[in-house]
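Derivation of every value follows stated rules applied to the coordinates shown; laboratory data play no part. Since this is a predicted model, take the numbers as computed values, not measurements. As a convention, Cβ positions derive from the backbone with ideal geometry for all residues, glycine included, and neighbour counts pool all protein chains shown.
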Amino acid sequence: MLIPDYWYAILESREVPVGKPVGVRRFGQELVAWRDGAGRVSLMNDRCPHRSSRLSIGKIKSGHLQCPFHGFEFSADGACQLIPANGKAAAIPRIFQCTVYQTQEAHGFIWAWYGRPRASYPPLPWFSELEGFEVDTTRVPWDADHSRAIEGLLDVSHLPFVHARTIGRGQRTLVNGPYTTLEDDSIQIWVSNQPDAGLPAAKPTQLPPPEGPAMLVFRFPNLWQIRLSETVRAVNVIAPVADGECVIYMQSCLKMNLPRRLVRLIAWLSNVFNRRILAEDYLVIREQRPKVADLEIGERFIPADRPIALYLKRRRELIEAFENVDQTSQEEHTRV
């Protein structure tokens with residue numbers, strides 16, 4: 001279940017080269033991504049409206065996407081531009097229009113709008129403070145739902161158990177708070193874990209007001225960042241493939257007063273370690289059932305799960321708000 005009416009980062013820009021269409025599964029749909037003559041990305045259903053052949057095994061011809069079966073050509077907006085069997089001068093029926101997703105390209109990613117068409121669209125969600133960082137990105141496919149992956153990234157109590165030999169060393173099993181906020185589609189988490197010394201975990205109201213920026217930030221619908229220091233960050237983009245499947249794009253982000261080539265090497269090495277951390281998470285998360293997370297699947301929460309519960313609650317609110325507006329629109333259309 002996806003939150004509608006949001007921009008989703010779904011692919012790295014470098015995954016869609018000039019001159020070659022790319023087949024990809026996102027949002028539970030088979031899609032084709034390709035670049036027109038000006039290098040702009042188009043994302044449409046990977047199905048020719050003529051005889052249902054896969055457009056992704058076609059080719060780019062004169063800035064159009066050409067179907068491999070009968071040579072139909074489509075422009076970036078999905079409109080058919082040529083039916084060879086009918087001749088170049090023939091009129092083209094509108095029934096040969098491909099379904100197209102609104103797209104943007106920024107921050108090294110291709111973004112797709114999942115929801116109703118609009119006259120104008122909201123700005124892309126991102127972490128503006130990453131301006132000037134050197135970035136290395138690695139891609140990891142998961143046999144797990146994007147909602148479960150997001151839960152894992154918001155889970156502040158699993159580290160001593162899932163990551164006992166890596167980032168969970170120190171046996172900081174006691175979770176104070178965590179102090180958590182939701183504002184402007186961002187969940188911010190100030191982490192305060194410590195070894196258990198025999199005292200109960202502190203409630204958020206018992207903690208001093210947080211100083212400085214949050215350690216963890218999640219931006220709806222699929223962006224996550226951990227702030228390790230002023231100059232070291234990690235970003236994860238959780239791209240939804242289908243129910244029970246996702247692709248995680250991990251970014252190591254560094255800002256150092258070193259030669260650029262050396263900083264990039266350090267970022268790459270950091271991502272080697274990040275892949276190990278993510279592999280530890282995957283072994284557990286892929287086995288969760290049901291595969292899609294929700295508030296009402298029989299799971300029970302503890303205070304340390306505040307960020308997860310907040311994510312699921314807000315996610316449910318956004319989906320229901322979309323469904324209510326959609327239902328109202330349908331009822332008004334019926335009355336007319």
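Exposure proxy check: GLU296, GLU287 ranked by fewest other beta carbons within 10 Å?
Exposure proxy ranking, most exposed first: GLU296, GLU287.
With charges only on Cβ, +1 for K and R and -1 for D and E, what is the dipole size of the chain about its Cα centre, in debye, rounded to 20?
1140
More than 21 angstrom separation, counting every C-alpha pair in region 128-316; what % is that? Working shown, then result.
Values: 9432 of 17766 pairs.
Considering region 128-316, 53 percent of its Cα-Cα pairs are separated by more than 21 Å.
How big is the dipole moment of region 128-316 about its Cα centre under a simple scheme where the beta carbon of each Lys and Arg is +1, that of each Asp and Glu is -1, and everything else is neutral? Debye, nearest 20, please.
Magnitude of the dipole: close to 420 debye.
If one computes the Cα centroid of region 74-153 and of region 295-324, what distance in Å separates the two points?
27
For region 182-234, state what percent of all Cα-Cα pairs lands in each successive 5 Å bin, counting from 0 Å until the bin that includes the largest distance.
Bin by bin from 0 Å, the calculated values are 4, 15, 23, 21, 18, 12, 5, 1.
Quickly rank 246-258, 49-61 as a protection proxy: mean count of other C-beta atoms within 10 Å, highest first. It would help to have the intermediate numbers written out before the result.
Details: 246-258: 19.7, 49-61: 16.2.
Going from most to least packed, we get 246-258, 49-61.
How large is log10 I(q)/I(0) at q = 0.07, 0.09, 0.14 Å⁻¹ when the Debye formula is applied to the Cα atoms of the chain, each weighted equally and without solvent?
-0.36, -0.57, -1.19
Which one, LEU254, ILE189, ALA201, is farthest towards the positive end of the dipole of region 180-336 when Lys and Arg carry +1 and Asp and Glu -1 on their Cβ?
Result: LEU254, furthest along the dipole toward the positive end.
Report the net charge of residues surrounding LEU258, where surrounding means a beta-carbon distance below 13 angstrom and charges are Lys +1, Arg +1, Asp -1, Glu -1.
Combined, the nearby Lys, Arg, Asp and Glu give +3.
Provide the FRET efficiency to the nearest 0.05 for the ARG40-ALA242 pair, computing r from the beta carbons and using R0 = 35 Å.
Working: r = 26 Å, r/R0 = 0.76.
About 0.85, to the nearest 0.05.
Please tell me which of these pairs span more than 28 angstrom C-alpha to C-alpha: LYS291/LYS313; LYS20/LYS88; LYS255/LYS313; LYS20/LYS255?
LYS255/LYS313; LYS20/LYS255
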